[in-house]
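Please treat every number below as a calculation from the coordinates, not as lab data. Keep in mind that this is a model prediction, so the values were computed, not measured. Every residue, glycine as well, gets a Cβ built from its backbone with ideal geometry; the counts of neighbours run over all protein chains shown.
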Amino acid sequence: MSDPKSHHHSLSLFPRPLLVPCDACGLINQSDPSYVCFQCSYIVHESCINLPRVIKITRHQHRLSYTPFLSHAIWSCRICHKTVDNKYAQYSCNHEGCSYVAHSKCATHLEVWNEKELEWEPEEPDDSENVAPFKKIGVGLIEHFCHEHHLRLEKYKDHADKTCQACVLPIDSRDFYNCMQCDFSLHEVCANLPRKLDHALHKHSLILDTSQEIYDDVICSVCLRKFSGFWYKCIENDCVCMFSGVYRIDVRCISLPDYFTHKSHKHPLCLPICELRRNKVKCNACKKGGWPSHLHCTTCDFDLCYQCATYPSEVRYKHDEHPLTLCYGETVDAKYWCEICEKELDSTKWFYTCNKCCVTVHLDCMFGFFVRMKPGFTFGYNGLMVRVLGNTSSTRPICDGCEQRCPAHVYYKVYWRRYKLASCSLDCLNQVLKGRIGKQELFP
């Protein structure tokens, strides 16, 4: 091979498997043919010959350049967080003061790189002003792009009835922006969410979707929870997620960095390339597997799904004057009872507790099935339109599925011809639909 992209000499195909590392990726792969330069003992896999010279990945703000070797120092790949051997080629950032380095195979993996070569492409201009979510129009007063009225920054006092429109969690101890004319509120952190960002969870850029459109599916592509707040969705129209169709991520999942230390574990966690491990991984907290994405310990065999990773470390409970803190399980053999359902609580699993008042609550009981669903939202489900309603009346509605009072702060309502079906969960709604369809009552 004359004039190869990866080397300044001609390369010759070596027909037999080589048990020596490739100079481009540093790995040994007997199934991949190799090319050899006999002038300088250069060996490269056939799959590594045309590695791109310059790339951009969403895990780093700058472009990365193909580097044949690094300076003699201890380097760590910022994707898999394993040691980098500086004798072999890697991708690194050339910006002054930036030490970002990644293995060749990590940086060009299909889950990380968008497959665009940028060697002869000009740098994109800084569009930080275009992605700013609001304009300041006064002291503590903003004009947010998602709302027609002005929002004022307020201190938390006792706004138990208010919900953030972005993350769909209650307005609690944090400062928040409140609409001066209607019932619209945003946590201060949520109000600062950029309109466009790059995140390690997806290889394409993401844009913030604040619309209240009716979706056929409202599942987050990362944690698989139903959600009715603000989304980040992929800018590529043909990008499809195998789990949720359109690729979109709720703002709670997007708020987690790709490398941090979670309170439930002593070592740092990172977002791994999980294509090969997806079906084998089980979350150490909920013991469930098959997650689209997860967090993995850089030191030991510990995994955490995004559902568990995004539980708030502190919540408010209406029957306790103190905030409840998230307990990550206990090793002692103690018996606790859930304050809400009055059933026994497994102390080895995560739960919320107030040590001062001896209150313990199941995670599911605290959030119910509606942790990310807000009143007034409508979505499609099994060909029917389902509306989320607030459970604020003095008499709670009776669920048509379990025939119990709906316990959560919201419930589902399905309107079909002359029927009005109430449901406290999607499981109950499924039971109702199957029963009515089976009896041909739902579709007379």
Virtual spin-label span in nm between Phe69 and Leu141, 7 Å along Cα→Cβ: 6.4
In vacuo Debye sum over C-alpha of segment 378-438, base-10 log of normalised intensity I(q)/I(0) at q = 0.13, 0.23 Å⁻¹, listed in q order, is -0.29, -0.92
Which length gain, in nm to one decimal place, applies between Met385 and Lys155 when the Cα-Cα distance is subtracted from 0.36 nm times their residue separation? 79.0 nm
Where in segment 346-368 does the label zone of Arg396 land, with the point 7 angstrom along Cα→C-beta and an amide N cut-off under 14 Å? 365-368
What Kirkwood radius, in Å to one decimal, follows from the Cα pairs of the chain? 25.3
What distance in nm lies between label points placed 7 Å from Cα along the C-beta direction at Phe38 and Asp427? 7.0
Along Cα→Cβ, 7 Å out, is where each label goes; now give me the distance between the ones at Glu321 and Arg53 in nm to one decimal. 7.0
Tell me, in nm to one decimal, what length is gained between Val131 and Glu188 on full extension, where the rule is 0.36 nm per residue of separation less the Cα-Cα distance? 18.9 nm
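Suppose R0 equals 45 Å. What FRET efficiency, 1/(1 + (r/R0)^6) with r the Cβ-Cβ distance, do Glu46 and Glu314 give to the nearest 0.05?
Here the calculated transfer efficiency is 0.25.
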The helix 426-438 Cα axis meets the longest alpha-carbon principal axis of the chain at an angle in degrees, between 0 and 90 and rounded to 10, of 70
Taking the convex hull of the alpha-carbon atoms of segment 131-191 and averaging its shadow over every direction gives an area in square nanometres of 4.0
Given Cβ charges of +1 for Lys and Arg and -1 for Asp and Glu, the option among Leu193, Leu13, Gly329 whose Cα lies farthest towards the positive end of the dipole of the chain is Gly329
Evaluate the charge dipole of the chain about its Cα centre and quote only its size in Debye, nearest 20, assuming +1 on the Cβ of each Lys and Arg and -1 on the Cβ of each Asp and Glu. 1160
Residue span Arg174 to Lys280: 0.36 nm per residue of separation minus Cα-Cα distance leaves a gain in nm of 34.3 nm
Could the peptides 10-18, 174-182, 266-274 be put in order, highest first, of the mean number of other beta-carbon atoms found within 10 Å of their residues? 266-274, 174-182, 10-18
Given Cβ point charges of +1 (Lys, Arg) and -1 (Asp, Glu) and nothing else, what value in debye, to the nearest 20, does the dipole of segment 54-107 about its Cα centre take? 200
Hey, with R₀ at 41 Å, roughly what FRET efficiency would Gln404 and Glu330 work out to, going by the Cβ-Cβ distance, to 0.05? 0.85
